[in-house]
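Everything below concerns the one structure shown next.
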Amino acid sequence: VADGAIPDVGTKDAYSAEIYAFYRACILTGSDAAGTFHAASNIRRSEAAAILNRMFDASTRQRLTLR
């Protein structure tokens, strides 16, 4: 995931380095086909579970290509 590829996360936004690192590690995939992060939304329990699962079990990580 290249810098600036996440539609709603600019490279100068708070925590953007961490967000991009999680996308690049295939832990985060976004909420839609464009990879939208939705930083202003609350995280759901299912989303937190998916993130934790992908962090600890690399075989569950999701490949993502954003332009």
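Bear in mind these aren't lab numbers, they're just calculated from the coordinates by the rules spelled out. A quick note: this is a predicted structure, and the numbers were derived from the prediction, not measured. In this analysis, Cβ positions are derived from the backbone assuming ideal geometry, glycine residues included, and neighbour counts consider all displayed protein chains.
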Practice problem: Kindly state, to the nearest 0.05, the FRET efficiency for Gln62 paired with Glu18, given R0 = 30 Å and r defined as their beta-carbon distance. | Solution: 0.95
Self-check item: Along principal axes, Cα extents of the chain, largest first, whole Å
Solution: 29, 24, 21
Quiz item: Where in segment 1-33 are there chymotrypsin sites (Phe, Trp or Tyr not before Pro) that are in a DSSP coil and have at most 14 other Cβ atoms within 10 angstrom of their Cβ?
Solution: Tyr15
